[in-house]
Amino acid sequence: MQKRNSLQSRRDQVRGQIKAVAQRLFAEGGLAGVTTRDIIGAAGYRNTTLINYYFGSKAGLIAELIADVVTALERDRHARLDALEAAGGPRTMREILEILATPVAGGGAATDEDFDYTARFFNTIVVNHRDMLLQVMGAATDSGTRRCLAHLRRMMPQLPGPLMRQRLNFMLLFLTAGLSWREAASEQPQTWPHLWGEVSTWSCMLDAAEAMLSHLPSSATLADGSAAHPSN
């Protein structure tokens with residue numbers, strides 16, 4: 001039994017090392033620009049069949065990384081919403097946006113000192129590989145995010161359905177990209193010091209996200225929307 005547990009522990013360790021290295025390389029170089037040989041070499045191994053052994057394929061490894069991120073995000077969002085609702089909230093958009101803007105790393109909510117490559121990896125998936133994200137979402141649903149969006153809808157101005165969906169999607173993309181930029185800047189503090197070096201940056205970013213949702217649409221946007229979705 002002890003030998004079996006030791007073997008399983010070793011397997012878990014190898015899997016974890018491969019996943020951590022792969023997430024970093026994918027975040028830095030994109031999915032297509034990273035080979036299985038790159039991952040195995042950076043993880044300190046020589047056997048290039050390890051990825052097939054543990055994950056079935058490179059695609060299987062990517063799918064597991066996506067599922068890990070989505071599961072951690074949704075778990076964190078559910079827990080924080082549960083706490084807000086138990087206290088009679090949420091009462092403001094800001095409370096929800098703070099949940100959506102919480103970086104997640106290592107299977108849980110991250111602190112400023114705990115950033116890894118999760119945000120950059122996830123941003124790459126959202127922007128360039130949405131098809132993969134949607135496939136994985138069948139197993140790891142986005143129910144926590146949907147709960148957040150439901151609260152935001154009731155706090156937003158009354159907008160035509162297509163405009164409301166666009167606003168919410170723009171906001172999510174903005175926060176996803178912002179988390180990715182902030183994570184990258186944490187490794188290179190000299191980059192854009194007047195943006196990420198300011199104490200007010202994070203709060204200002206949330207202000208911008210809230211403005212995206214609360215600002216009334218312009219007459220031009222309403223006219224374009226009416227043309228695209230005529231009442232008749």
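Residue-by-condition table, conditions (1) assigned to a helix (DSSP H, G or I); (2) in contact (Cβ under 8 Å) with a residue 60 or more places away in the chain; (3) surrounded by 13 or more Cβ atoms within 10 Å (Cβ to Cβ):
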site	(1), (2), (3)
GLN158	no, no, no
LEU168	yes, no, yes
LEU173	yes, no, yes
THR176	yes, no, yes
ARG182	yes, yes, yes
ALA185	yes, no, yes
PRO189	no, no, no
Residue count for the stretch 137-156, restricted to those that are of a type in the set (S, T, N, Q) and in a helix (DSSP H, G or I): 2
Qualifying residue in the stretch 7-20 (condition: closer than 17 Å to VAL126 by Cα, surrounded by 14 or more Cβ atoms within 10 Å (Cβ to Cβ) and touching a helix residue (DSSP H, G or I) at 6+ places or on another chain (Cβ under 7 Å)): no
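Per-residue answers, yes or no, for (1) at pLDDT 90 or above; (2) in contact with a helix residue (DSSP H, G or I) (Cβ under 9 Å, 6 or more places away or on another chain); (3) small (Gly, Ala, Ser):
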{"site": "LEU152", "(1), (2), (3)": "yes, yes, no"}
{"site": "MET155", "(1), (2), (3)": "yes, yes, no"}
{"site": "VAL199", "(1), (2), (3)": "no, no, no"}
{"site": "ALA220", "(1), (2), (3)": "yes, no, yes"}
{"site": "HIS229", "(1), (2), (3)": "no, yes, no"}
In the stretch 193-209, the residues that are of a type outside the set (A, V, I, L, M), in a loop (DSSP other than H, G, I, E, B) and over 22 Å from MET171 (Cβ atoms): GLY197
Cβ pairs under 6 Å, 6+ apart, first in the stretch 42-54 and modelled with pLDDT under 90, second of a type in the set (A, V, I, L, M, F, W, C): THR48/ILE40
Residue match in the stretch 163-181 (condition: closer than 30 Å to ALA223 by Cβ and of a type in the set (Phe, Trp, Tyr)): yes
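The values are calculated or read from the model by the stated rules, or taken from the named source; none is laboratory data. No experiment lies behind these values; they were computed from the predicted model shown. Every residue, glycine as well, gets a Cβ built from its backbone with ideal geometry; the counts of neighbours run over all protein chains shown.
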